[in-house]
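Quick notes on the structure that follows.
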Amino acid sequence: MKRTNASIPALHLVAACAAFTACGGAAGNGSSQPTSKLDDPSEAKEDPPDLTGQALANSLLAQWQRDHEDRDWQEEVRSAHPNIPGSADNSAMVYVKGGQDEGQTYGRFSAQEVLTWKLETDALVLAGARIFHSGDELGTSVGVSCDMCHPDAANTHPATYPKFQVQLGRTILLRDMINWCLINPVRAPAMEPDDPRMRALEAYIFAQSKGEALDYGKH
Amino acid sequence: MSKTPKSIETRYMEEREQLFRGLHNLDRRSFLRVSSAAAAAAVVSGMTPHSFSPIRIARAAGPGKDLRIAYISDSHLYRTELNDRFVRSILRAVDDVNKLDPQPDFVFYGGDLAQLGQAEELELGAQILKEVKAPVRMMVGEHDWYLDMGEKWQELFGAPTYSFDLKGVHFVVLNSVIEEDFWTPRGLSPMERMRTVAGLDNHNQRSFTVGAEQRKWLEKDLSAFKSDQPLVVFSHSPLYKLYKNWNFWTDDADEVQAILQRFKKVTVIHGHTHQVLSNHIGNIDFHGLLSTAWPWPYAPQGLPELTIQMDRPDPFNPSDGCGDGEIYVHPDGLVDKVYRLWNRNPITVPASYLKSQGKKDRPPATTRGSY
């Protein structure tokens, strides 16, 4: 199972903490409730946990998982929306021994680097998919999310922007139309252009339109 | 509404419509009694009585009487405090059907009354539909079902699968939204299950089916009828395979169609797709229903060739692409379908268009099709 890089240090932190007894959730997600048998001395007396080897690793992992309910979010989005087109395949750019890149510092891309491009790009798209499908994350006041009218982002036509919208009286960008739909059908506050949710929504809408030819101004 | 002067053309169409409607509602004896009067009315309105006679004969010669059904569908109600727009939309549809004159034989509700299958949503819908003057016939949709697996819906509206006869036409209502259990293995709560099914593009669910049990019931229900029996079948999902990714699809559609194919005049009317949608497979005509809540885009693949698309809706107008409509069952058992879009001209898809494989009576095309 893939994990985001950001969560790996957190795992180390919790592991280190739990191994040194009762610091509880403090190092995890800020939860102060006892979250496992490890935290509760009374239970520990009756059934002392085997804190060695695999058992220790298992119990630490279990505690970390409880503290990070959202840890599988990418897998969850992927499972609900397996057909989101993946980002471009750049594997041909991985450097080969003896090629022109040999010995270069900047032009040489390792397999890990190329994979990172993909994981990071896809993560933003997945984040967008999640917001697009969630009234809560959009901030709707009427229980409406984008997917209700745009399944798989259908009819969002990002490749047709910029275009003139008579009703708005000017030539607009994709994000302006996203904001229009946010304010009107979704009844949510508009997002700043830099709002991480806006960036993610744009990423998802573009991804779903992969392969569409750019045709700005099309209605 | 203020009285604006009507053009000669408008009056001509209205009078003609009235005359037709009046004639369709007569039984044979009254028909004979008033046919001369009707012809006289035609003279008064400036048309030769002769122009109506072929139609009169065709109607009078049919096996049964004309039947008119109005429909409301896919209202996706939340409780009013959360979303009053969807509530106002269904109320508008109720007004529309109550204003029909003459009143339809019944009003058909096409499923997805509720958005998340909650008791308060279904009860609100039931209360609103009580305002409908004509008798109401209900069909269930997936949004009504997957919170409590149909418990509340059945308490309010009875069994989801049934049939009845009216004016020589046999009607069947199916529950076509049965999905294989995907929730137990995933350990989903009832609300998580409901939300999964409510997501049109959510792949954690399965495909819709009618299922073996209902297919057996259907076979039995139809067994007594001869093949010239006019038949109208209602299903929430289209009873054919259009686009699996959005469950514009019924997994055992082929099996259900096989049961229906021996009938010469059979029409399937379905909800779920929130758009003008027409198809013709073998002997069977298919029509979709409009939603009162919001329109769906056309599926990127699998759109039936006979479908004349409705205009792409305007996001600047929340009721655009929404509406209600009527279903006319002619005495000969064939069905004309009217999509009464609230914001646009109504679109009629006549039986003659589907039966002729699109050669006759083609509805007008849009300049704003999907892309």
Just to be sure I understand, how many residues within the stretch B:282-315 are outside any loop (DSSP other than H, G, I, E, B) and of a type in the set (Val, Ile, Thr)? 1
Residue in the stretch B:235-277 that is most open to solvent (accessible area, probe 1.4 Å), counting only those that are within 14 Å of chain A (Cβ to nearest Cβ) and among the hydrophobic types (A, V, I, L, M, F, W, C): B:Trp249
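Those residues that are within 11 Å of chain B (Cβ to nearest Cβ), surrounded by fewer than 15 Cβ atoms within 10 Å (Cβ to Cβ) and assigned to a loop (DSSP other than H, G, I, E, B), I need them from the stretch A:72-95; list them, please. Don't jump to the end; show me each part of the working.
Filtering the stretch A:72-95 for residues within 11 Å of chain B (Cβ to nearest Cβ) gives A:76-84.
Now restrict to residues that are surrounded by fewer than 15 Cβ atoms within 10 Å (Cβ to Cβ): A:76, A:79, A:82-83.
The answer is A:Pro82, A:Asn83.
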Looking only at the stretch B:92-112, count how many residues are in contact (Cβ under 8 Å) with a residue 40 or more places away in the chain and more than 14 Å from chain A (Cβ to nearest Cβ). 12
For B:Gly199, only one of the following conditions fails: (1) without any contact (Cβ under 8 Å) to a residue 12 or more places away in the chain; (2) open to solvent by 30 Å² or more (accessible area, probe 1.4 Å). What is its number? (2)
Hey, among B:Asp314, B:Asp324, which residue is closer than 23 Å to B:Val233 by Cα and either within 14 Å of another protein chain (Cβ to nearest Cβ) or of a type in the set (D, E, K, R) (or both)? B:Asp324
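Here is a list: A:Ala18, A:Ala111, A:Ala27. Which entry is open to solvent by less than 70 Å² (accessible area, probe 1.4 Å), at pLDDT 90 or above and more than 28 Å from B:Arg186 (Cβ to Cβ)?
Working: A:Ala18 fails: at pLDDT 90 or above; A:Ala27 fails: at pLDDT 90 or above.
Going through A:Ala18, A:Ala111, A:Ala27 in turn, just one is open to solvent by less than 70 Å² (accessible area, probe 1.4 Å), at pLDDT 90 or above and more than 28 Å from B:Arg186 (Cβ to Cβ): A:Ala111.
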Take the stretch A:162-183 and flag every residue that is away from every other protein chain (no Cβ under 11 Å) and in a strand (DSSP E or B). A:Lys163, A:Phe164, A:Arg170, A:Thr171, A:Ile172
List the helices (runs of 4 or more DSSP H) that sit entirely inside the stretch B:182-278 and contain at least 3 residues that are within 28 Å of B:Glu326 (Cα to Cα) and under 19 Å from the mean Cα position of the chain (by Cα). B:253-260
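Check B:Ser89, B:Ser163, B:Ser176, B:Ser75 and return the single one that is touching a Gly at 6+ places or on another chain (Cβ under 7 Å) and either assigned to a strand (DSSP E or B) or not aliphatic (A, V, I, L, M) (or both). Give the derivation first.
Working: B:Ser89 fails: touching a Gly at 6+ places or on another chain (Cβ under 7 Å); B:Ser163 fails: touching a Gly at 6+ places or on another chain (Cβ under 7 Å); B:Ser176 fails: touching a Gly at 6+ places or on another chain (Cβ under 7 Å).
Only one candidate qualifies: B:Ser75.
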Is there a residue being surrounded by 17 or more Cβ atoms within 10 Å (Cβ to Cβ) and touching a residue at least 60 places away in the same chain (Cβ under 8 Å) anywhere in the stretch B:158-169? yes
Verdict on A:Pro48 being outside any helix (DSSP H, G or I) and modelled with pLDDT of 95 or more: no
Of the residues in the stretch B:282-306, those that are surrounded by fewer than 21 Cβ atoms within 10 Å (Cβ to Cβ) and either without any contact (Cβ under 8 Å) to a residue 40 or more places away in the chain or more than 14 Å from chain A (Cβ to nearest Cβ) (or both) come to B:Gly282, B:Asn283, B:Pro304, B:Glu305, B:Leu306
Is there a residue being among the small types (Gly, Ala, Ser) and open to solvent by 30 Å² or more (accessible area, probe 1.4 Å) anywhere in the stretch A:198-205? no
From (1) surrounded by 15 or more Cβ atoms within 10 Å (Cβ to Cβ); (2) more than 14 Å from every other protein chain (Cβ to nearest Cβ); (3) touching a residue at least 40 places away in the same chain (Cβ under 8 Å), pick out the condition that doesn't hold for B:Pro190. (1)
For A:Thr116, indicate whether it is surrounded by 13 or more Cβ atoms within 10 Å (Cβ to Cβ) and part of a loop (DSSP other than H, G, I, E, B). no
Of the residues that sit in the stretch B:346-362 and are surrounded by fewer than 17 Cβ atoms within 10 Å (Cβ to Cβ) and touching a residue at least 24 places away in the same chain (Cβ under 8 Å), which one is farthest from the other protein chains (Cβ to nearest Cβ)? B:Lys355
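Answer with yes or no whether B:Thr209 is out of contact with any Pro (no Cβ under 8 Å at 6 or more places or on another chain), buried (at least 21 other Cβ atoms within 10 Å of the Cβ), β-branched (Val, Ile, Thr) and more than 27 Å from B:Met310 (Cβ to Cβ). Even if it seems obvious, please write down each step before you answer.
On the way: out of contact with any Pro (no Cβ under 8 Å at 6 or more places or on another chain): yes; buried (at least 21 other Cβ atoms within 10 Å of the Cβ): yes; β-branched (Val, Ile, Thr): yes; more than 27 Å from B:Met310 (Cβ to Cβ): yes.
Considered against the rule, which asks whether it is out of contact with any Pro (no Cβ under 8 Å at 6 or more places or on another chain), buried (at least 21 other Cβ atoms within 10 Å of the Cβ), β-branched (Val, Ile, Thr) and more than 27 Å from B:Met310 (Cβ to Cβ), B:Thr209 comes out as yes.
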Among (1) open to solvent by 50 Å² or more (accessible area, probe 1.4 Å); (2) farther than 28 Å from B:Phe225 by Cβ; (3) not in a helix (DSSP H, G or I), B:Arg137 falls short only on (2)
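Of everything in the stretch A:134-161 that's more than 12 Å from chain B (Cβ to nearest Cβ) and either acidic (Asp, Glu) or closer than 28 Å to A:Ala213 by Cβ (or both), which residue is nearest to the chain's Cα centre (by Cα)? Quick ask: steps written out before the conclusion?
Keep residues of the stretch A:134-161 that are more than 12 Å from chain B (Cβ to nearest Cβ), which gives A:137-139, A:158, A:161.
With either acidic (Asp, Glu) or closer than 28 Å to A:Ala213 by Cβ (or both) added as a condition, the list becomes A:137, A:158, A:161.
Numbers: A:Glu137: 13, A:Pro158: 21, A:Tyr161: 25 Å.
Per the stated criteria, the residue is A:Glu137.
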Breaking point among (1) open to solvent by 30 Å² or more (accessible area, probe 1.4 Å); (2) touching a helix residue (DSSP H, G or I) at 6+ places or on another chain (Cβ under 8 Å), for A:Leu182: (1)
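The values are calculated or read from the model by the stated rules, or taken from the named source; none is laboratory data. Bear in mind the structure is a predicted one, so any value in this text is a computation, not a measurement. Here Cβ is always computed from backbone atoms with ideal geometry, including for glycine, and neighbour counts include all displayed protein chains. Surface areas here come from the heavy atoms of the whole protein model, side chains and all, with no ligands, DNA or RNA. Shrake-Rupley method; radii C 1.70, N 1.55, O 1.52, S 1.80 Å.
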